[in-house]
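Participant: Mind looking over this structure? Questions follow.
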Amino acid sequence: MARYTGASCRQCRRENLKLFLKGDRCYSDKCSFERRAYAPGQHGQMRFRKVSDYAVQLREKQKVKRIYGMLEGQFRRYFEMADASKGVTGENLLMLLERRLDNTLFRLGFANSRDQARQVVRHNHIFINGKKVNIPSFLVGIGDVITIKEKSRKNQAINESLDAVARRGIPSWLELDRDNFQGSVKSMPERHDITMPIQEQLIVELYSK
């Protein structure tokens, strides 16, 4: 699976927004964005007066891609799925991204970041409705029960993530059973469940050109 392998903190600096890509580090004094809140590169500290509409739309798309950890081809396919569905295209897109298994694990607290959640899935730690699933892009649905494999419940990274889940909170569409290392999907995610500052209409405008 193709994925971004560069420095995560550069992405936050490029988007001028803390994207919380490195878990606990993003909440500490070691966060690079807190120390250098400007774009990377030799021209990073320059401030340009005029920004085109296209540039604003592009930056919004790049930001959302980086939040959910995807490259262009995969992100474009999600947009096409959203555009073909009933309802508002921008909101459909975000709801599809939220329903990805790696994002769902992160939101439940089984991982400190979406990158870590992808690793948990790939390493066969996850069962959905009693069946092993190792595909990060798997879309969860109402009634799905997500369980950590019995042998993996002593995994230090998973337990540390669960201990810190209170700091992030769990969205209303999910329910966590901490004692049984289990989470369930109560309903479909809604727009208000996404707290990151995202203007999805800009992405729709960009892809509609």
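The values are calculated or read from the model by the stated rules, or taken from the named source; none is laboratory data. Keep in mind that what you see is a predicted model, and the values were worked out from it rather than measured. Backbone-built Cβ (ideal geometry, glycine too); neighbour counts: all protein chains shown.
Participant: Select from the stretch 110-138 the residues that are outside any loop (DSSP other than H, G, I, E, B), more than 13 Å from the chain's Cα centre (by Cα) and surrounded by fewer than 22 Cβ atoms within 10 Å (Cβ to Cβ) and list them in ascending order.
Facilitator: 119, 122, 127, 128, 131, 132, listed by residue number.
Participant: Among the residues of the stretch 174-209 satisfying the criterion of being in contact with a strand residue (DSSP E or B) (Cβ under 8 Å, 6 or more places away or on another chain) and of a type in the set (S, T, N, Q), which is nearest to residue 117 (Cα to Cα)?
Facilitator: Ranking the qualifying residues of the stretch 174-209, first place goes to 182.
Participant: Further question: Check off (1) out of contact with any helix residue (DSSP H, G or I) (no Cβ under 6 Å at 6 or more places or on another chain); (2) under 30 Å from residue 159 (Cα atoms) for residue 136 and give me the number that stays unchecked.
Facilitator: The single condition residue 136 does not satisfy is (1).
Participant: Which of the residues that make up the stretch 119-167 are of a type in the set (Ser, Thr, Tyr) and free of Cβ contacts under 8 Å to residues at least 60 places away in the same chain?
Facilitator: Passing the criteria: 147, 152.
Participant: Restricted to the stretch 168-177, and to residues that are without any contact (Cβ under 8 Å) to a residue 40 or more places away in the chain and not in a loop (DSSP other than H, G, I, E, B), which residue is nearest to residue 130 (Cα to Cα)?
Facilitator: Ranking the candidates gives 177 first.
Participant: Only one of these conditions is not met by residue 148: (1) among the aliphatic types (A, V, I, L, M); (2) farther than 30 Å from residue 90 by Cα; (3) at pLDDT below 95. Which number is it?
Facilitator: Of everything listed in (1) among the aliphatic types (A, V, I, L, M); (2) farther than 30 Å from residue 90 by Cα; (3) at pLDDT below 95, residue 148 misses just condition (3).
Participant: Also, quick follow-up: Anything in the stretch 139-156 that is more than 18 Å from the chain's Cα centre (by Cα) and not acidic (Asp, Glu)? List them, or say none.
Facilitator: Hits for the stretch 139-156 are 142, 143, 145, 147, 148, 149, 151, 152, 153, 154, 155, 156.
Participant: Residue check, residue 89 against (1) touching a helix residue (DSSP H, G or I) at 6+ places or on another chain (Cβ under 8 Å); (2) at pLDDT below 95; (3) not assigned by TED's automatic domain parsing to the domain that holds residue 181, all met but one. Which one?
Facilitator: (2)
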